[in-house]
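The values are calculated or read from the model by the stated rules, or taken from the named source; none is laboratory data. Just so it is clear, the model here is predicted, and its values are computed rather than measured. Note: ideal-geometry Cβ built from the backbone for every residue, glycine included; neighbour counts use all protein chains shown. Ligands, DNA and RNA are stripped out before the accessible areas are found, and what is left, the full protein with its side chains, is counted by its heavy atoms. Shrake-Rupley method; radii C 1.70, N 1.55, O 1.52, S 1.80 Å.
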Amino acid sequence: MENNSLNNNILSELKAKVLKLFQDGIISGFLGFASASLPMSIRPFLAKNEKDIDKLVWNSFCTINLANYLPEIIKQNKDKKIGAIATGCWSRNIVVQIQEGQLKRDDVYILGVSSRGMINSKNISDRFPGKEILHVKEEDHIVTIEGRGFSEQIKRWDVTRDNCKTCAHPDPVIYDDLIGNLAGKRSINNKYSQIDVIEEMEPDKKWEWFLKEIDKCIRCYACRNACPLCYCNTCFVDDSKPQWLGKSIKHTETAIFHILRAYHCAGRCTDCGACESVCPMGIKMRLFTKKLEKDVFNLFGVEAGLDINEPLPLTTYKIDDPEDFILKLEKE
Amino acid sequence: MKNLYLSHSATIKDIIIETEDGNIKTFILELDDPEIRDNWKHIPGQFAMMSIAGMGEIPIGIASSPTEKDILSFTVSKIGVVTTELHNMKTGDKIGIRGPIGNGYPLKNQLKGKNILIIGGGYGFTTLRATIIYLIENRKDYNEINVIYGARNPGLLLYKKELEEWSKRNDINCHITVDREVPGWTGLVGFVPQILEKVSPESENSFALICGPPAMIKFSMPVLEKLTWHDNQILFSMENRMKCAAGVCGHCNIGPFYVCKDGPVITREKLKQLPTEY
Amino acid sequence: MTLSKALKIAENEIKNLLNILNDSFQVFIPKLKEKTSYKFYEWDIYNNGDEFNIFIGVPKSSIKSFFFPQPETLFKFSIQKDTTALKEPEEENKRMLFGVRPCDARSIILNKLPYSEDSYYIKKTEQNIIIGLSCNERRNSCFCLWAGGSPMGTEGTDISLTLIDASFIVEAITERGGKIIETLGDKFPVASTSDIEKLNALRASYEKQRQSIPDPVKKIQDKNLLELYDKPLWNDVSLSCINCGICTFLCPTCYCFDIQDETSKGQGKRIRFWDSCMFPLFTQHATGHNPRGAKHQRVRNRFMHKLKYFPDRYNVFSCVGCGRCIKECPVNIDIREVLRDML
């Protein structure tokens, strides 16, 4: 990990701060990441004591949204706070969880860190089909990929996740302490450029694109389960009384799952990209939620989780809510 | 090769409403194919997969005894999708049956010549009913028979007519109880474990067949232990979610034990060696 | 079975072989798919002229969908007023899976243990002809030797291909594989004695490697079930698990299923489809009671089933060491570490 000063600085500061939190008796556990058995992989990890701190790591493959674990871990550790590292999007998810009553602000100690953007490991493996990547070395701006008989350097930004590339809020919005400095709001030319491309398609092309994306879905529900917004006790896809959805691998069933999942996240999704990162089949389902994020922003002027005092757009009624879609129907 | 999943068409011949709340009914069936009907052989304690085309398939204990000629009956509580649909059916309607499945009680083997203690609670009395009918039919093969059966209130007791008949017999000791005193109820009052303590059945040369709610089982165990019953004399009938009923699909396992294939009947001794996933 | 005749086919002749086989069978090979946004190898129909690429490791999905379709129609019925007629599904054509890695081929044999009385599965084993392909290189997630297999294993195959010095040695493993090789005898040269010796020596070296590992199945069988069950490791392993179905669905030896009826317009079918013990509803009773309601219980069940319950019953792990679950797990739960901690 030579020349990887940015991540190393974050990690050493993280370790020092977590140690202090344990020593001061503020937290009973710290939620971060530990190293994995394979390159480009990572393990969400709960450090339970000072000894565990050495296991913490920080790199550009930390694509799992830790907010997803918080409510459950807090439920099991009631006596003290649980500490967690949080980038911009993860902290916004914590905000949404607080707004939706899944979490209490006081139960969590947030160590905020500004995100440099995470890498999409599929972008890397896609460049080496059929080959085995054995080592990945990360430097500040270069990633070196090595396998038997090959070694290649890739610009980090070239393989960064789509959501990170268009992210305007890399900084944590709530935190108890900070690692490093805040980066400030990033000015993005058009943060919905990936959606614009699809919106410009003819309806049949759009449908074709959609079916092509969901065609490989094996209905493992990793996208749903990696999402901090999906916490229903029984998801509509699993419900049997009544059963809303068939169990076969068919376009109709898979499409309904993905469409409903996306709609369920409207006004709540922070575009953290966890759903897409965990998908084993490489489905870009993040674009479905991104489209709704765009619509919510255009209709209500709100982005999820930025302000803890801002009411949730789709569960709050305002007398002057835009109802253009109804008017449009009437006109037709 | 036999198709494990194919069910046989059966006609509902009669429906008996068992409980006052109407939530438990007994369905008396006849298998439509005479050949299948004639070849049907089961042991009390076994179950069958019952299906309604388009609704699904569920495991249900067989409530009739093989000694009841041409009768195949199931007592079903209205809980899920299939059972609710079944409760809406009427005489003459068709359902699917595949089975019999599972090991059943070892009535022809270990239980022969033994004192038999039957402990049942609430809805978990159906396969025990089959057992009692079988025991009475083959009375000389067994020693003393004690039946302890309880329900929350008299309205929730199953097979009321038969309970009365059995109570009048002197070759079987019937102890029917309800949880609390109710006007008009002249029988025993108290929870099953309390009655068990009063009856104090001897452990020697005995087997207990137990089926009922978890609390009943839990509090009956210390009573039997005090009466020096050994774990291998106590037989439970397990229930877990089942789908294939052939030991394949993986739903009903209690650790390595497949309720559908290795059970549903299991000794307490063996159960203690398994994870508590039931 | 002893080798009656083995062929030697040059690496660049493989397309000829495929084209010949394609006349008699519906042939499937792993193809590099660009259907979604990313490229990966997936089983697909072979069309004459298609590239047959040799890549390291296994395709994304296992071959289990050929044996255990997702979903599979058990039978059809019609819902009429007074009768419900049942109809079993029709026979399918003979298929050939070409280029199956030894781990995936072995999964057919392992799954057959619980499925021995399942007519649907057995029929599929008769319908699918397996052409194996030995591994020359391993992935960093491979552990077939630990799981009881070998990179040159032939279990589950009808014919086995091994690439040595730019030629495939093509061996008949089963009788029906032998018959296919006989039909090819006049089109390709026969392998020489020295080729066979080389092949056998290579295979024996793997066998030796495997035997140098203290039999993990035996070690697990000697362990007390409840002691393994109560180990604290399950809480640690399950903490990061998101309870998705990736591991179970991509696993060649996860064979659990659910059964349901699907109906439309008076016609219906009873289907079975893949289910996963990772899902909370897998064990939930109609009453709401759930024997494995907690996440760590489900994670434990998956590993205990593969590495304890199954070997206790069948003397072999329900795992072939293909490493898909390790590669694809979003939180890197590594079955090798779990096995190590259990031993």
Note on the stretch B:245-264: residues more than 9 Å from every other protein chain (Cβ to nearest Cβ) and either in contact with a helix residue (DSSP H, G or I) (Cβ under 6 Å, 6 or more places away or on another chain) or open to solvent by less than 10 Å² (accessible area, probe 1.4 Å) (or both) are B:Ala245, B:Val259, B:Cys260, B:Gly263, B:Pro264
Out of all the residues in the stretch C:325-343, is one or more within 10 Å of another protein chain (Cβ to nearest Cβ) and of a type in the set (S, T, N, Q)? yes
Verdict on C:Ala105 being surrounded by fewer than 16 Cβ atoms within 10 Å (Cβ to Cβ) and at pLDDT 95 or above: no
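Could you list, in sequence order, the residues of the stretch A:139-166 that are under 21 Å from the mean Cα position of the chain (by Cα) and either buried (at least 17 other Cβ atoms within 10 Å of the Cβ) or not acidic (Asp, Glu) (or both)? Give the derivation first.
Residues of the stretch A:139-166 that are under 21 Å from the mean Cα position of the chain (by Cα), as a first pass: A:156-166.
Correct list: A:Arg156, A:Trp157, A:Val159, A:Thr160, A:Arg161, A:Asp162, A:Asn163, A:Cys164, A:Lys165, A:Thr166.
Select the strands (runs of 3 or more DSSP E) contained entirely in the stretch B:111-198, then report the ones holding at least 3 residues which are within 16 Å of the chain's Cα centre (by Cα).
Values: elements: B:115-121, B:145-151, B:173-178.
Counting at least 3 such residues, we get B:115-121, B:145-151.
Tell me yes or no: at least one residue of the stretch C:67-76 is at pLDDT 95 or above and within 14 Å of chain A (Cβ to nearest Cβ).
First, pick out the residues of the stretch C:67-76 that are at pLDDT 95 or above: C:67.
Among the residues that remain, those that are also within 14 Å of chain A (Cβ to nearest Cβ) are: none.
Checked against the condition, which is being at pLDDT 95 or above and within 14 Å of chain A (Cβ to nearest Cβ), the stretch C:67-76 yields no hits at all.
Given the criteria within 13 Å of another protein chain (Cβ to nearest Cβ), surrounded by fewer than 22 Cβ atoms within 10 Å (Cβ to Cβ) and either in contact (Cβ under 8 Å) with a residue 12 or more places away in the chain or on the phi < 0 side of the Ramachandran plot (or both), does A:Asp239 qualify?
Details: within 13 Å of another protein chain (Cβ to nearest Cβ): yes; surrounded by fewer than 22 Cβ atoms within 10 Å (Cβ to Cβ): yes; either in contact (Cβ under 8 Å) with a residue 12 or more places away in the chain or on the phi < 0 side of the Ramachandran plot (or both): yes.
Yes.
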Tell me the residue from A:Val296, A:Val302 that is modelled with pLDDT under 95 and in contact with an Asp or Glu (Cβ under 7 Å, 6 or more places away or on another chain), please. A:Val302
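Please work out which residue is nearest to A:Lys290 (Cα to Cα), limiting yourself to the stretch A:172-230 and to residues that are of a type in the set (Val, Ile, Thr) and open to solvent by 40 Å² or more (accessible area, probe 1.4 Å).
Step one: list which residues in the stretch A:172-230 are of a type in the set (Val, Ile, Thr), which gives A:173-174, A:179, A:188, A:195, A:197-198, A:214, A:218.
Then drop every residue that is not open to solvent by 40 Å² or more (accessible area, probe 1.4 Å), which leaves A:173, A:188, A:197.
Values: A:Val173: 20, A:Ile188: 15, A:Val197: 12 Å.
That would be A:Val197.
Can you confirm whether C:Gln211 is within 24 Å of C:Phe310 (Cβ to Cβ), open to solvent by 60 Å² or more (accessible area, probe 1.4 Å), at pLDDT below 95 and more than 14 Å from chain B (Cβ to nearest Cβ)?
Details: within 24 Å of C:Phe310 (Cβ to Cβ): yes; open to solvent by 60 Å² or more (accessible area, probe 1.4 Å): yes; at pLDDT below 95: yes; more than 14 Å from chain B (Cβ to nearest Cβ): yes.
For C:Gln211, the condition - within 24 Å of C:Phe310 (Cβ to Cβ), open to solvent by 60 Å² or more (accessible area, probe 1.4 Å), at pLDDT below 95 and more than 14 Å from chain B (Cβ to nearest Cβ) - is met.
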Go through the stretch A:41-62 and give me each residue that's at the interface with chain C (Cβ under 10 Å from one of its Cβ atoms) and more than 16 Å from the chain's Cα centre (by Cα). A:Phe45, A:Leu46, A:Lys48
State the number of residues belonging to the stretch A:117-145 that are among the aliphatic types (A, V, I, L, M), within 13 Å of another protein chain (Cβ to nearest Cβ) and in a strand (DSSP E or B). 3
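This table checks each residue for (1) open to solvent by less than 20 Å² (accessible area, probe 1.4 Å); (2) more than 17 Å from the chain's Cα centre (by Cα); (3) within 13 Å of chain C (Cβ to nearest Cβ).
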| position | (1), (2), (3) |
| --- | --- |
| A:Ile249 | no, yes, yes |
| A:Ala266 | yes, no, no |
| A:Pro280 | yes, no, yes |
| A:Lys290 | yes, no, no |
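Considering only residues that are of a type in the set (A, V, I, L, M, F, W, C) and farther than 15 Å from A:Ile218 by Cα, which ones fall in the stretch A:267-281? Spell out the reasoning first.
Step one: list which residues in the stretch A:267-281 are of a type in the set (A, V, I, L, M, F, W, C), which gives A:269, A:272, A:274-275, A:278-279, A:281.
Within the stretch A:267-281, A:Cys269, A:Cys272, A:Ala274 qualify.
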Residues of the stretch A:228-267 being among the aromatic types (Phe, Trp, Tyr) and closer than 26 Å to A:Lys75 by Cβ, which ones? A:Tyr231, A:Phe236
Pairs under 7 Å by beta carbon, first residue among the charged types (D, E, K, R) in the stretch B:181-199, partner at pLDDT 95 or above, six or more apart or different chains? B:Glu181/B:Val189; B:Glu197/B:Val223
Which condition does A:Gly180 not pass, out of (1) assigned by TED's automatic domain parsing to the domain that holds A:Phe300; (2) in contact with a strand residue (DSSP E or B) (Cβ under 7 Å, 6 or more places away or on another chain), if it passes all the others? (1)
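The rows are residues; the columns are (1) open to solvent by less than 40 Å² (accessible area, probe 1.4 Å); (2) touching a helix residue (DSSP H, G or I) at 6+ places or on another chain (Cβ under 7 Å); (3) under 22 Å from C:Glu262 (Cα atoms).
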position: B:Gly22; (1), (2), (3): yes, no, no
position: B:Lys25; (1), (2), (3): yes, yes, no
position: B:Leu29; (1), (2), (3): yes, no, no
position: B:Glu35; (1), (2), (3): no, no, no
position: B:Gly54; (1), (2), (3): yes, no, yes
position: B:Ile62; (1), (2), (3): yes, yes, no
position: B:Phe74; (1), (2), (3): yes, no, no
position: B:Val82; (1), (2), (3): yes, no, yes
